[in-house]
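K.L.:
Take a look at this one; I'll ask things after.
The values are calculated or read from the model by the stated rules, or taken from the named source; none is laboratory data. The model shown is predicted, which means the values in this text are computed figures rather than measured ones. All Cβ positions, glycine included, derive from the backbone under ideal geometry; neighbour counts span all protein chains shown.
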Amino acid sequence: MKSLWMPVFFSLLMTTVFPASASVVIGGTRVVFDGSKKETSVSLENKDNVANLVQSWITPADADTPSKDAIIITPPLFRLDAGDKNVLRIVRSGMPMPEDRESMYWLNVKGIPSTAKASSSNSLQIAVNSRVKLIYRPANLQDTLPESLTQQLVWGKSGNNITVNNPTPYYMNFAQIKVNGKEIPEVTYVAPRSQAVFSLRQNAGSGKVTWRILNDFGMAGAEHSASF
């Protein structure tokens, strides 16, 4: 039976937003590209009961990230049958990239489920986009991990915000930040040799900040602390 790929453009007649889980699952919460190697890879698995058309692409994580054309994802578009697995290859394009600090992208993977061309009932097929962090780590930074340098972060306060300066060449992806024992919601990361600002949601005086960062496997590391 032939299939017809149907992205969720049916919303022309729909006003309700339906929760959805990804049919095509990425094999990991992040990808670390070892700059001493020519390429890396990530596995995909179709956990749906129908075939999916899989589309993949990358987007820069922030303004300091080199052009998305510096890294190539292949294959960018392919069919993945129900229950099958495949591998995405991630390769350098040859464009220059910073070799004195990490670069970070988002790896996006969209699974578009197939549906029967002829159907006796109306159905809605939802294309779900998953994304994980893709971190390019230059060859000369392979001997050290972000966890070993995270204590070098410099914390401060500006109004109802807490600031963090990162003097290291690594992205510090936060699992948790607490100020005077109160957790800050929706924390993200601070880029290499840059500053990030997080809202305290309420005014707080000087005190103690504690934080945990995510390691290369997406697990929260040990708690660190500093005064500000």
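K.L.:
Would you point out the residue of the range 9-40, among those that are more than 23 Å from the chain's Cα centre (by Cα) and surrounded by 10 or more Cβ atoms within 10 Å (Cβ to Cβ), that is modelled with the highest pLDDT?
P.N.:
Phe10
K.L.:
Ser206 fails exactly one of the following numbered conditions: (1) over 25 Å from Leu145 (Cα atoms); (2) assigned to a strand (DSSP E or B). What is the number of that condition?
P.N.:
Just one mismatch for Ser206, condition (2).
K.L.:
Name the residue that is surrounded by the most Cβ atoms within 10 Å (Cβ to Cβ), counting only residues in the range 187-228 that are charged (D, E, K, R) and under 24 Å from Arg137 (Cα atoms).
P.N.:
Among them, the one singled out is Arg212.
K.L.:
Could you check how many residues of the range 62-106 are over 19 Å from Asn52 (Cα atoms) and either among the charged types (D, E, K, R) or part of a strand (DSSP E or B) (or both)?
P.N.:
The qualifying residues number 17.
K.L.:
Can I ask one more? For the range 25-67, what are the residues that are without any contact (Cβ under 8 Å) to a residue 24 or more places away in the chain and either under 20 Å from Ala139 (Cα atoms) or in contact with a Ser or Thr (Cβ under 8 Å, 6 or more places away or on another chain) (or both)?
P.N.:
Listed by number, the residues that qualify are Gly27, Lys37.
K.L.:
What pairs come out if I take residues in the range 90-102 that are surrounded by 11 or more Cβ atoms within 10 Å (Cβ to Cβ) and pair them with residues that are in a loop (DSSP other than H, G, I, E, B) and at pLDDT 95 or above whose C-beta lies under 7 Å away, six or more apart or interchain?
P.N.:
Cβ pairs passing all conditions: Glu99/Pro138; Arg101/Pro169; Arg101/Pro192; Arg101/Arg193; Glu102/Pro169; Glu102/Tyr170; Glu102/Tyr171; Glu102/Pro192.
K.L.:
What residue, among those in the range 158-186 that are at pLDDT 95 or above and assigned to a loop (DSSP other than H, G, I, E, B), is surrounded by the most Cβ atoms within 10 Å (Cβ to Cβ)?
P.N.:
Tyr170
K.L.:
May I pose another question? Quick test of your reading of the structure: Ser43 fulfils all but one of (1) of a type outside the set (D, E, K, R); (2) modelled with pLDDT of 90 or more; (3) more than 13 Å from Asp84 (Cβ to Cβ). Name the failing condition by number.
P.N.:
(3)
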